[in-house]
1. Residue under question is Ala56, and the condition is that it be surrounded by 11 or more Cβ atoms within 10 Å (Cβ to Cβ) and more than 20 Å from Ala121 (Cα to Cα); does it hold?
2. Hey, among Leu45, Leu67, Leu62, Leu71, which residue is under 30 Å from Leu12 (Cβ atoms) and either free of Cβ contacts under 8 Å to residues at least 60 places away in the same chain or not in a loop (DSSP other than H, G, I, E, B) (or both)?
3. Do we find that Ala44 is within 17 Å of the chain's Cα centre (by Cα) and either loosely packed, with under 11 Cβ neighbours inside 10 Å or of a type in the set (Ser, Thr, Tyr) (or both) in this structure?
4. Among the listed residues Tyr111, Tyr93, which satisfies the condition of being closer than 25 Å to His60 by Cα, in contact with a Leu (Cβ under 9 Å, 6 or more places away or on another chain) and of a type outside the set (A, V, I, L, M, F, W, C)?
5. Does the range 16-39 contain at least one residue that is farther than 28 Å from Ala2 by Cα and at pLDDT 75 or above?
6. Can you tell me how many residues within the range 104-128 are touching a residue at least 24 places away in the same chain (Cβ under 8 Å) and either exposed (fewer than 10 other Cβ atoms within 10 Å of the Cβ) or outside any loop (DSSP other than H, G, I, E, B) (or both)?
7. Only one of Val79, Val17 is on the phi < 0 side of the Ramachandran plot, surrounded by 13 or more Cβ atoms within 10 Å (Cβ to Cβ) and over 20 Å from the mean Cα position of the chain (by Cα). Can you tell me which?
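The values are calculated or read from the model by the stated rules, or taken from the named source; none is laboratory data. Not measured: the values here are computed from a predicted model. Cβ sites come from the backbone with ideal geometry, for glycine too, and all protein chains shown count toward neighbours.
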Amino acid sequence: QARTTPVQSWFLDQSLVLGYWSGEGKRSYHHTAPVNSLYALHEALLILKNEGLENAWARHQLMHEKLKNGLQKLGFEFVVDEAHRLPQLNAIYVPEGIDEAKVRAHLLETYNLEIGAGLGALAGKAWR
């Protein structure tokens, strides 16, 4: 209620919810979309609690190392220097002459594996 700037998205705008529940605000669409995300967040936090934060970090680091080693063996080059990489996000350059969108579509159709495309200056040049 003390907020001085507008919320950028209605998705989790609690002022809409408070206004709706108090009867002071106009009717707003705010329940349906966030509910599934809140359930997912709740489940993710339960999983994290059961696994333990340190164990989750170690698992992410281990999976990053396995992915990094495999990609390097295949000859891929990382966009970000190793000292600055996050274990949860790996960006590699698309090899010359490869239709990156076609490869992503094939992976999604054939293996149900979605690879993010490069954004901005890296659009068409990197996978995430």
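1. On the way: surrounded by 11 or more Cβ atoms within 10 Å (Cβ to Cβ): yes; more than 20 Å from Ala121 (Cα to Cα): yes.
So Ala56 fits the description; yes.
2. Result of the check over Leu45, Leu67, Leu62, Leu71: Leu45.
3. Details: within 17 Å of the chain's Cα centre (by Cα): yes; either loosely packed, with under 11 Cβ neighbours inside 10 Å or of a type in the set (Ser, Thr, Tyr) (or both): yes.
Considered against the rule, which asks whether it is within 17 Å of the chain's Cα centre (by Cα) and either loosely packed, with under 11 Cβ neighbours inside 10 Å or of a type in the set (Ser, Thr, Tyr) (or both), Ala44 comes out as yes.
4. Of the residues listed, the single one that is closer than 25 Å to His60 by Cα, in contact with a Leu (Cβ under 9 Å, 6 or more places away or on another chain) and of a type outside the set (A, V, I, L, M, F, W, C) is Tyr93.
5. For the range 16-39, residues farther than 28 Å from Ala2 by Cα and at pLDDT 75 or above: absent.
6. Matching residues across the range 104-128 total 3.
7. Val17
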